[in-house]
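Heads up, the thing below is written out as structure tokens.
Nothing in this text is a laboratory measurement; each read-out follows from the coordinates by a stated rule. Model, not experiment: these values are computed from the prediction. Counting neighbours? That spans all protein chains shown, and the Cβs are built from the backbone with ideal geometry, glycine included.
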Amino acid sequence: MAALLLALISAGAGPAFATHVHDAPGAQTATTATTATTATTATTPNDPTPQNPTVLRAAVLELAPYAEKDANGEWTGESVELFRATARDVGCTTSFISMSGPEILRALEREEIDAIALPLSPNPLTMGVATLTPSFGTSTLRIAVYHGRLTDDLSILFASLVTPRQLRVYAVMTALVVIFAVLIWLLERSRNQHFHGKRHEGLGSGLWWSITTLSAVGYGDKVPVSAAGRLFAGTWMVLSLLLVGIFTATVTSSITAHDASVEVEGVHDLSRARLGIVESGLAGGYVNQHFLPHVSYPTLGQAINELLTGRLDAVLADEHGLQWAMGPGNERRIVLLEKPVDRMPVSLGLRKTLPRDFIRRFDEALIARLRAVPQSENPASHAAPPAEAPDQTTAAPSGTRP
């Protein structure tokens with residue numbers, strides 16, 4: 001549009017400039033030349049077309065086993081290697097840039113990157129900036145839960161009993177037991193044989209009476225006989241009931257606070273569970289669509305660690321990634337629930353403003369590469385048959401959320 005406006009302005013200014021030159025003596029030749037130049041400028045289109053890239057700048061992030069860094073700090077993984085090989089087939093080299101999910105979207109809008117070398121699912125959030133390639137596999141969302149050992153339950157119980165609030169309750173109860181033991185001994189020692197004897201014997205008897213009264217056991221082996229002692233004992237009995245009630249309530253609330261877990265047995269439990277997902281992972285679209293409360297983590301490893309420590313009740317992620325996180329022996333006792341949550345095709349992503357011909361050639365190269373690899377040799381055993389390349393001229397590009 002700017003080029004067309006510039007041409008129109010130039011065409012309008014041509015005759016005026018020619019008239020001015022014509023008024024000068026001997027300037028007819030200059031007028032003709034200027035008018036010709038102006039006409040040439042007006043008819044020459046200035047519509048640059050996107051050039052095919054020679055280096056594909058691809059965004060990546062830690063999403064094992066699809067994208068991760070090796071011991072040398074180089075990016076590798078299933079989707080990274082597939083993207084690198086396909087780019088090589090269309091005559092391009094690759095450059096991988098580590099970014100977070102929001103950074104990827106901004107970089108696509110600013111044309112700072114050309115592609116996303118990660119498994120992407122259709123999502124309308126990025127339809128304006130990215131085009132999905134044909135799917136190279138199917139992602140199955142699964143729920144991972146942790147089945148702990150008996151020692152884990154005991155550690156939760158112990159942690160609930162030594163909270164700062166519990167320690168304050170213990171201190172108050174201990175101080176009152178000692179104070180009432182000393183006072184009952186002072187009131188009864190001169191006239192009650194139960195509290196006779198040397199000082200340490202009398203204090204010991206008072207301490208025993210104070211503890212049995214607090215616990216509501218009341219053996220009856222030591223009782224006050226004086227009026228003051230009995231009045232004092234009645235006060236301690238009533239106070240003991242209050243202290244026992246406070247102690248029971250604080251212990252119960254502490255255990256509940258430390259073990260606020262929900263036993264997740266299926267999708268219906270996710271709305272009330274402490275759910276973790278991977279930031280920019282494949283589960284993001286599902287939890288947003290179903291309005292599930294969740295906590296996002298940069299990597300799957302961090303989410304799994306939170307699950308093991310009891311801060312999460314479940315992790316929702318791609319089955320392939322969860323199996324990688326569980327390890328060969330699954331020594332961490334992570335269990336995948338039997339029923340899958342959802343299945344969705346996964347694809348690579350290309351910047352929407354790339355030349356349509358280049359996008360078409362990349363899609364065709366990806367399909368040819370997927371068909372050339374036998375299913376048994378495909379590292380992603382969950383992969384689906386390759387889809388046909390979409391018609392970039394008629395079909396609206398699919399969106400994806402990194």
Margin query: Quick check: from the Cα gyration tensor, does the range 71-190 come out rounded (a/c under 1.5), prolate or oblate?
Written below: prolate
Margin query: Cβ neighbours within 10 Å, averaged per peptide: list 230-240, 107-117, 273-283, 360-370 in order, most packed at the top.
Written below: 273-283, 107-117, 360-370, 230-240
Next item on the list: With all distinct Cα pairs included, what does the Kirkwood hydrodynamic radius of the range 153-258 come out to in Å, to one decimal, could you say?
Entry: 14.9 Å
Check: For the range 62-136, what relative contact order do you get, as a whole percent, if you take Cα pairs closer than 8 Å and at least 6 residues apart?
Finding: 25 percent
Checklist line | the range 112-119 - phi-based ³J(HN,Hα) in whole Hz, Karplus 6.51/-1.76/1.60, Gly and Pro as x | finding: 8, 10, 10, 7, 10, 8, 9, x
Next item on the list: Give me the net charge of residue 278's neighbourhood, meaning all other residues with Cβ under 11 Å from the Cβ of residue 278; Lys, Arg count +1, Asp, Glu -1.
Entry: -3
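For a quick check of your reading of the filter: which chymotrypsin sites (Phe, Trp or Tyr not before Pro) in the range 251-354 sit in a DSSP loop and have no more than 15 other Cβ atoms within 10 Å? Don't skip to the end; give the middle numbers.
On the way: sites: 286, 291, 324; in loops: 291.
Counting only loop positions with at most 15 other Cβ atoms within 10 Å, the chymotrypsin sites (Phe, Trp or Tyr not before Pro) in the range 251-354 are 291.
Among 81-94, 309-322, how do they line up from the highest to the lowest mean number of other beta-carbon atoms within 10 Å?
Values: 81-94: 18.5, 309-322: 22.6.
Packing order, densest peptide first, comes out as 309-322, 81-94.
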Note to self: Can you list residues from other chains, or at least 5 along the same chain, whose modelled amide H is less than 5 Å from the amide H of residue 97?
What the structure shows: 58, 59, 60
